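Heads up: the structure comes next, in structure tokens.
The values are calculated or read from the model by the stated rules, or taken from the named source; none is laboratory data. If you're wondering where the values come from, they're calculated on a predicted model, not measured in any experiment. No Cβ is skipped: glycine too gets one built from the backbone with ideal geometry, and neighbour counts run over all protein chains shown.
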Amino acid sequence: MPRASSKSIDLSSIEARREALRAELAALDEQAKAAELAARDAGRPVLLAALERIKIATMAKADAKAIALAIGLHGGEAVAQHLASIPST
């Protein structure tokens, strides 16, 4: 038969610890959310630096949005590969 624990069970300390852990988890969730947002936008400075080095002809706002959306959805590598497959004239 198992022995009874020599430590007394203090319900209030258990609840306090549980609440502290919930607060810690909430803080970790916020940190993870901030890290995910930063990671999703990490390529922006690289793209802007590359765009500053080349001349770009007049472009419709809808075209610029479509290009940005494609990069956001498919990633820079996939868009670059697709653009490289377009024959130059």
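Only a single item in (1) surrounded by 10 or more Cβ atoms within 10 Å (Cβ to Cβ); (2) at pLDDT 90 or above is not met by Arg40, and it is number (2).
Just one of the listed residues (Ala32, Ala60, Ala27, Ala66) is assigned by TED's automatic domain parsing to the domain that holds His82, surrounded by 10 or more Cβ atoms within 10 Å (Cβ to Cβ), out of contact with any Gly (no Cβ under 7 Å at 6 or more places or on another chain) and modelled with pLDDT of 95 or more, namely Ala66. Tell me, which residue of the stretch 27-73 that is under 17 Å from Leu83 (Cβ atoms) and assigned to a loop (DSSP other than H, G, I, E, B) is nearest to the chain's Cα centre (by Cα)? Checking each candidate, the answer is Gly43.
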